[in-house]
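Enquirer: Following this message is one structure expressed as structure tokens.
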Amino acid sequence: MILLNRKNKMLLIAVLNLLFVGLFAINFTSCCAYSFTGASVPEHLKTIAIPIADDRSGSGEPGLREDLTQTLIEKFINDNTLQVSERTSANALLECSIVSLNDAPAIVSAGEDITSRRITIGVRVIYRDLVKRLTVFEKTFSNYSVYPASDPINGRQSAIDAAIELISEDILLDTVSGW
């Protein structure tokens with residue numbers, strides 16, 4: 001058994017308290033929504049235009065490009081770092097093209113029964129600074145969601161919506177904090 005003097009006990013208590021507070025902070029921030037308002041977007045960029053996305057996926061999924069565009073616009077409005085505006089008055093431009101939509105088995109159980117499927121969506125994004133006339137980034141974002149194979153209609157649409165939500169968040173974060 002280790003005996004601690006009063007000074008070492010106080011030090012141990014302080015370390016344990018810091019550890020507890022750190023773990024609490026990590027858990028708290030990981031469960032809560034956050035915003036990059038006031039992030040490192042350059043001063044000269046105040047507005048952004050988000051034209052309707054192109055659908056080059058070849059999937060023929062109805063409403064896909066409109067759903068992505070609307071979700072992106074809502075993310076930017078809620079974030080409030082850049083104001084969404086018309087292309088003619090914007091300082092920045094976010095052009096998106098859906099390049100893939102894959103629907104594949106995710107989990108195959110014994111007997112080769114498909115129990116769940118994975119929707120994966122890929123979006124090519126070009127972010128332009130219209131004031132300085134430069135391309136900030138050009139990259140492809142991809143994300144996915146899983147749905148039960150037993151619910152091919154509602155489950156599939158929910159998975160598409162969830163994948164769009166995740167990709168939109170990724171695009172927003174790169175746009176406002178990737179400087």
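The values are calculated or read from the model by the stated rules, or taken from the named source; none is laboratory data. Just so we're clear, the structure is a prediction, and the values are computed from it rather than from any experiment. Every residue, glycine as well, gets a Cβ built from its backbone with ideal geometry; the counts of neighbours run over all protein chains shown.
Enquirer: Can you report the number of residues in the stretch 74-95 which are crowded, with 16+ Cβ neighbours inside 10 Å and part of a helix (DSSP H, G or I)?
Expert: Final tally of qualifying residues: 3.
Enquirer: Now a separate question. Provide a single number: the residues in the stretch 133-150 that are farther than 23 Å from R56 by Cβ and surrounded by 13 or more Cβ atoms within 10 Å (Cβ to Cβ).
Expert: 4
Enquirer: Restricting to the stretch 81-115, name every residue that is under 29 Å from A149 (Cα atoms), hydroxyl-bearing (S, T, Y) and more than 23 Å from the chain's Cα centre (by Cα).
Expert: As a first pass, look at the stretch 81-115 and keep what is under 29 Å from A149 (Cα atoms): 97-115.
This time we only want the ones that are hydroxyl-bearing (S, T, Y), so: 97, 100, 109, 115.
Passing the criteria: S109, T115.
Enquirer: Another one. Quick test for you: out of I126, I98, I114, I121, pick the one residue that is surrounded by fewer than 19 Cβ atoms within 10 Å (Cβ to Cβ), in the same structural domain as D54 (by TED's automatic domain parsing) and under 23 Å from G178 (Cβ atoms). Step through it out loud before you land on a result.
Expert: Values: I98 fails: surrounded by fewer than 19 Cβ atoms within 10 Å (Cβ to Cβ); I114 fails: under 23 Å from G178 (Cβ atoms); I121 fails: surrounded by fewer than 19 Cβ atoms within 10 Å (Cβ to Cβ).
Exactly one residue qualifies, and that residue is I126.
Enquirer: So, in the stretch 133-162, of the ones that are within 19 Å of I50 (Cα to Cα) and among the aliphatic types (A, V, I, L, M), which residue ends up farthest from the chain's Cα centre (by Cα)?
Expert: The first filter runs over the stretch 133-162 and keeps only residues within 19 Å of I50 (Cα to Cα), leaving 133-142, 161.
Add one more test, that the residue is among the aliphatic types (A, V, I, L, M), and what stays is 134, 136.
Working: L134: 24, V136: 18 Å.
Ranking the candidates gives L134 first.
Enquirer: Further question on the same structure: Condition (residue is in contact (Cβ under 8 Å) with a residue 40 or more places away in the chain, surrounded by fewer than 16 Cβ atoms within 10 Å (Cβ to Cβ) and within 19 Å of L173 (Cβ to Cβ)) applied to the stretch 61-73: is it met by at least one residue?
Expert: Step one: filter the stretch 61-73 for residues in contact (Cβ under 8 Å) with a residue 40 or more places away in the chain, giving 61, 64, 67-68, 71-72.
Imposing the further condition that a residue be surrounded by fewer than 16 Cβ atoms within 10 Å (Cβ to Cβ) reduces the set to none.
No, that holds for no residue.
Enquirer: Among the residues in the stretch 98-106, are any in a strand (DSSP E or B), closer than 20 Å to E61 by Cβ and β-branched (V, I, T)? Even if it seems obvious, please write down each step before you answer.
Expert: So in the stretch 98-106, the residues in a strand (DSSP E or B) come out as 98-106.
Now restrict to residues that are closer than 20 Å to E61 by Cβ: 98-106.
Subsequent filtering for residues that are β-branched (V, I, T) retains 98-99.
Yes, the stretch 98-106 has at least one match.
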